[in-house]
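Read through the structure below, which is laid out as structure tokens, and then see the notes.
Every number here is computed from the coordinates shown, using simple stated rules; none is lab data. Source: prediction; values computed, not measured. Reconstructed Cβ throughout: ideal geometry from the backbone, glycine too, with neighbour counts over all protein chains shown.
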Amino acid sequence: MEEIQKNNPLHGKTLEMILTELVEFYGWPQLAYLIRINCFSNDPSIKSSLTFLRKTDWARKKVEELYVESHEIRSKRKILKR
């Protein structure tokens, strides 16, 4: 069981950490394009987005799915920057 969690990119990540990493990687405009929710396109902020995502399961799931999909890309970029 512990081995499975080590390979899970969501393990140990808060929703705020996930959203912050996605915003740093994609930026708000690209994030709003990839996940079409108003809080990403109209005066976006981490705080307002977290409020919405915590109340809206389908939107939170989309954010988590994008995080997992882009995890490998972001990891490779971090390695290349070293």
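Points worth noting:
- Here the label points at ARG74 and SER45, each 7 Å from Cα along the C-beta direction, are separated by 2.2 nm in the simple model.
- Computed from backbone phi, the HN-Hα couplings of segment 37-43 come to 10, 4, 5, 8, 10, 9, 6 Hz, rounded to whole numbers (Karplus: 6.51 cos²θ - 1.76 cosθ + 1.60, θ = phi - 60°; Gly and Pro given as x).
- Counted by Cβ distance under 15 Å from ARG36, the other residues give a net charge of +2, where Lys and Arg count +1 and Asp and Glu count -1.
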